[in-house]
Every structure is written in C-alpha cells, then in structure tokens.
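Take a look at the structure below.
The values are calculated or read from the model by the stated rules, or taken from the named source; none is laboratory data. Everything quoted here is computed from the prediction, not taken from an experiment. Don't worry about glycine lacking a Cβ; one is built from the backbone with ideal geometry, like all the others, and counts go over all protein chains shown.
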Amino acid sequence: MRSLLLALPVLGLATGVLVALSPQEPAEQGPVGYEDTPQLPNSEWRVHDKFRPVPDAIVPGRPSTQDQVGSAPSDAIVLFDGTNLGAWEGGPWQLEGGVMTVNGKGDIRTKQGFGDCQLHVEWRSPDEPDRSSQGKGNSGVFLMGRYEIQVLNSYQNRTYADGQAASLYGQKPPDVNATLPTGQWQSYDIIFRAPRFDEEGALVSPAVATVLHNGVLVQNHVELLGPTSHRSLPKYRSHPEKLPIKLQDHGNKVSYRNIWIREL
C-alpha cells in the first residue's frame, strides 16, 4: 500500500511534465476571402470576395408562446409591446394586460409611414359562437393603409375563399388554412414590397406580398392586383413611397399583441 501511495505523486508529476512538453497547437486559419475568383453576374463582387462587406450582427427576437409574448429582433421598430399605444393614432383601442383590443372606436394607424418591410403581427379572435362567415372575428392588417391581409376567425367557419384569414382580401385565398382554434394567439409574418410608380403616376411594378400564418407559408411572392376593394376589381393609383399601416375595426373585438416591423 505504501509503495502505491508514493507512486501517485510521481504519476502526477510525470503527467505535468508531459503537458508542459506538449503545448496546444494553434488552430489552422482558413482563408477569409479571395481576390482571384470569378466576378458574379450583375455584381461588383467576386465569388467569396475578400473585400465584400459582411452583414451587421443583430440579436434575433424570441418567439411567442400562447402564454408568453415574444420579443422583436434588435434592429426592428417596435410598434406595440403591450405597454402603450404611442406608435398609433386613431381609436384609441382598449389597452389591458399587454394586449390592445378593438372597441368600436374606429381603425388605428401607425404614426410612421412604411414601404418595403417585414411585419410581424399577433392577433386573437374573440369567442363569438352566434356569429359566422365575415361577421366572426373580422379585422385586417392594411399595408400602406390599402393592401389588406385579412384577419378573420377561420377555424371551422365557412366563408368565401378570398375573404378568409391570411387571404389577400378579394384577390387570393391562402394556399392552406393554418388557423388555430378560437381564443388562441395567431401570428402573421409578412414580407411586403411596395408598388412602384413613375413620375407620371403610371404603375411600374405591382405590390408583392409573402405571408406566413402561424409559421406556415400561405402566400408566396404574390403580386397584388391593386388596393383592397369589396365586390369590385382593384385598380392602382399612384401614392407616396411610404404610408402608415392600418389595423381595421370591423366591429369584432379582435385583440393584438407583439407588433414589430423591419424596413427593407
């Protein structure tokens, strides 16, 4: 036993010597870019260009759950975080428990105008068992105050296809119905490209929308026919490059939370 105990410090000493004689080798550094690669088509940059600027680093937002509201990315403009309605005008809607709810006082609009954007909106339909079709949980998200992504309780609620939740109202139904049951929080993530007009007011390129409903792609780079209309064909008219976002009061107590936007 005594010889074993004496051997342990010796073993430790030997190990220490081995570590001291074998320092960690520096990691091999890979190339950070090239200067002799082909030029990319229609670009000032080469493939893997050493001098091409790298994107800014941001902190991604935290996704929401039914019980806990998420957060916006660090480069987003927060339009509603549950504390106040300072980014909005019109109404005002009811503010309670970090949620704003339609209360019959009319539409609300952002004080700031927006054009091309990524918009995140969360909404919840009220329990209205005696209502149906367009009378059930109806509201709307209007890009530039005129291009509507429909908000509606479309869970087991039949209505015309281009008027259900996540439709480009009056123009195109969603590819699938991704609506959650009544009373649960829904989310829209909208990528929007504003229309372009020339100096005479003629349309150069139409508005384009991509929509994810509860994380499901339901509108994929769809060209809009014009501003939203009811029972008629839309028609483009020239307007400014940036306009406020509108949330619609359609007479139902639809609630909203966690609204943020990134200008593109």
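Tell me which residues, restricted to segment 55-80, are over 16 Å from residue 187 (Cα atoms) and touching a residue at least 60 places away in the same chain (Cβ under 8 Å).
Listed by number, the residues that qualify are 75, 76, 77.
What is the number of the single condition among (1) hydroxyl-bearing (Ser, Thr, Tyr); (2) assigned to a helix (DSSP H, G or I); (3) at pLDDT 70 or above that residue 37 does not meet?
(2)
Mind listing just one residue for me: the one in segment 1-33 that is modelled with pLDDT under 50 and among the hydroxyl-bearing types (Ser, Thr, Tyr) and, of those, surrounded by the most Cβ atoms within 10 Å (Cβ to Cβ)?
Step by step, filter segment 1-33, then rank; the result is 15.
In segment 147-156, how many are under 21 Å from the mean Cα position of the chain (by Cα) and either surrounded by fewer than 22 Cβ atoms within 10 Å (Cβ to Cβ) or not aliphatic (A, V, I, L, M) (or both)?
Residues that pass the stated criteria total 5.
Looking for something more than 19 Å from residue 254 (Cα to Cα), of a type in the set (Ser, Thr, Tyr) and over 16 Å from the mean Cα position of the chain (by Cα) - is there at least one such residue anywhere in segment 188-206?
Yes, segment 188-206 has at least one match.
Kindly provide the set of residues from segment 112-146 that are over 16 Å from the mean Cα position of the chain (by Cα) and outside any loop (DSSP other than H, G, I, E, B), ordered by number.
Across segment 112-146, the qualifying residues are 124, 133, 134, 135, 139.
For residue 175, only one of the following conditions fails: (1) in contact (Cβ under 8 Å) with a residue 24 or more places away in the chain; (2) outside any loop (DSSP other than H, G, I, E, B); (3) of a type in the set (Asp, Glu). What is its number?
(2)
I'd like the full set of residues that are under 30 Å from residue 98 (Cβ atoms), surrounded by fewer than 10 Cβ atoms within 10 Å (Cβ to Cβ) and not acidic (Asp, Glu), limited to segment 34-59.
Result: 57, single match.
Which members of segment 97-111 meet the condition of being touching a Leu at 6+ places or on another chain (Cβ under 9 Å) and in a loop (DSSP other than H, G, I, E, B)?
Residues satisfying the conditions are 102, 107.
Mind checking whether some residue in segment 195-206 is closer than 21 Å to residue 123 by Cα and surrounded by 14 or more Cβ atoms within 10 Å (Cβ to Cβ)?
No, the conditions are met nowhere in segment 195-206.
Just checking: which of the strands (runs of 3 or more DSSP E) contained wholly in segment 179-251 hold 1 or more residues that are farther than 22 Å from residue 111 by Cα and free of Cβ contacts under 8 Å to residues at least 60 places away in the same chain?
Hits in segment 179-251: 203-205, 208-213, 216-223.
Of all residues in segment 109-139, which are closer than 22 Å to residue 97 by Cα, at pLDDT 95 or above and not aromatic (Phe, Trp, Tyr)?
109, 110, 120, 121, 122, 124, 125, 138, 139
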